Every structure is written in C-alpha cells, then in structure tokens.
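Undergrad: Here you go, one structure.
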Amino acid sequence: MTISQMHQAFRFGMDKMDNLNYPNFLPEEIDLLLNQAQERFVKQRYGITNTKRTSFEETQKRTEDLKELIRQVVLIPTANSGTVGVGTNITTNSVFVTLPTDEWFIIQERVIIHSDKCNTETISIYVPGYVNDNGQAFPETIATVTGKYAEVRPIQHLEFDKIVTDAFKGPDYDKVLRLMYDGYVELVPSINSTVTRYIMRYIKKPQSVSLTTPTNCELAEYTHQEVVDCAIVIALEGIEAKRNQTFTPLIDNTKE
C-alpha cells in the first residue's frame, strides 16, 4: 500500500466500528497512529510477545516480515581517540565502533582480528551502499583485509571483571567481548590481537510514514494491512481510555 492507501484503509476500518460515532482523525493523527503501530509491529516480530511464541527468523513469515529492514555495515574501530577514548575504555586495548544512527536491534556480528600469533588470510569484504533515514551515507565498499574472522560475544558490564580473565570465556584468538556504551560498541580483544573490522547486520528503525511528504511504509507489502489494523486498535483504545489493555491486543493478535 501507498501511504494514501493506508490512510484510506484506516478510515474504512474505523467507519466499520462507528457505532459510537468516533471522531474523525486528522491526517497528522493517522500518521502518528500508523508510526506507533509499525514500531510495535517490528518489536513484536523481533521478540516473542505473540501467540505463536516465535521470534525473528524462527519461521519463514517472521523472516519475511522484517527482511526489508535488515542492513549490514563494515566498520573500522577507533582506538583511544576523540570524545570516546582514553579514560573511557574499559581496558587499555579495547576499541570503539560508532553505531549507525538508524540501528535498532543487532542480529548478527563478527570481527576480523589480526595477530602475529594466529593464522591469517586475505579477506575481501563487500557491503552494498545505502543512505539511512538521517541522511548518513554508507557507500558501497570492497575492502581487502589481512586477518581472520572471530566471534563477537556480548556480555554484561556486571560480569565483565570475571569473564575478561577467564581462560575459557575471556577474549582469545577466536573471540572478542562486546559491551554497549552510549551509541558505541566497545570491543575487547585479547592482549595480542587487534580488531581491524567490525561487521554487523541489524534491524534498522523503520522510517516514519507521512501523508504530507509523502513517505510510504518500507515494511513488506503484505504487512501493511496488519499495521493498519494495529493502528485502529491503538486508536480505539485511546478513545475508550482502556489504557491498561493497550499492549494486550497486539500481543494476542491471531492474524499473524
């Protein structure tokens, strides 16, 4: 659907329930409801808050629901420089990577590390270019890097002190540790390793729809009616002031 068709579908859905003479919604209000609905749609499909109890990529439909929002970037870490650096690093050899501005949920990540003490190879990395919603450009890149792929292991700050010195769980030539910090990813490699590239796939925040611009919904075409239905539910709950039930109908949606 185009954004105009989504507005028409919303008004039609509300008209079918007009027994209580619900007020007419302005285009800006419908845009707001549709944006709230699509954000909830993405969060629900990413997690398991639904009747199917299936999360992202557990079924083919879940994969198709969010495939339009998947992006990949190859980023070069920054060590001890800028506003994030000396005095901020959790260890002296950790490095920072600035997350894309539209990043929402990381779904897969790995690094290329270099060390004289592990076998390395020449790796060519291709990433298609794109521009995110904030105008941040990621050009098409083909980089040749010497190193080896290694696992990225997310950890919590609370457990860092125990894990970083653990012979089995700590960083080594096959894995690095990862912490999140103020819009950055902090990578902690082993003492003798250097992280040269951080490769991440993530689900981006869906762009806001707007009838004025116009900006269409970028989710898969077949999901648009589900987003409209969700927006109608949110609108009806707002009118009837049943705030305690706002999220329940979205979780119990049986039309997945």
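The values are calculated or read from the model by the stated rules, or taken from the named source; none is laboratory data. All figures in this text were calculated on a predicted structure; none of them were measured in a lab. Cβ atoms come from the backbone with ideal geometry, glycine included; neighbour counts cover every protein chain shown. SASA here: full protein model, heavy atoms, side chains in, ligands and nucleic acids out. Shrake-Rupley method; radii C 1.70, N 1.55, O 1.52, S 1.80 Å.
Undergrad: Give the long-range amide H neighbours of GLN207: residues separated by 5 or more places, or on another chain, with amide H under 5 Å away, using H modelled in the peptide plane at 1.01 Å from N.
TA: For GLN207, whose amide H was placed from the backbone, the distant partners under 5 Å are GLU218.
Undergrad: Given H placed on each backbone N at 1.01 Å, which residues far from ILE107 in sequence or on other chains put an amide H within less than 5 Å of it?
TA: Result for ILE107 returns ARG201, TYR202, ILE203.
Undergrad: Considering only Cα-Cα distances, which of the following residue pairs are longer than 26 Å: LYS61/LYS205; LYS16/LYS67; LYS169/LYS204?
TA: LYS16/LYS67; LYS169/LYS204
Undergrad: Loop-only check: which GluC sites (Glu not before Pro) in the range 138-226 are DSSP coil with at most 15 other Cβ within 10 angstrom?
TA: Counting only loop positions with at most 15 other Cβ atoms within 10 Å, the GluC sites (Glu not before Pro) in the range 138-226 are GLU140, GLU218.
Undergrad: How much accessible area per residue does the range 145-234 have, counting only protein heavy atoms and a probe of 1.4 Å, in square angstrom?
TA: The answer is 48 Å² per residue.
Undergrad: To continue, here is another question. Around SER190, which amide H atoms from residues at least 5 apart in sequence, or from another chain, sit under 5 Å from its own amide H, with H modelled in the peptide plane?
TA: Result for SER190 returns ASP172.
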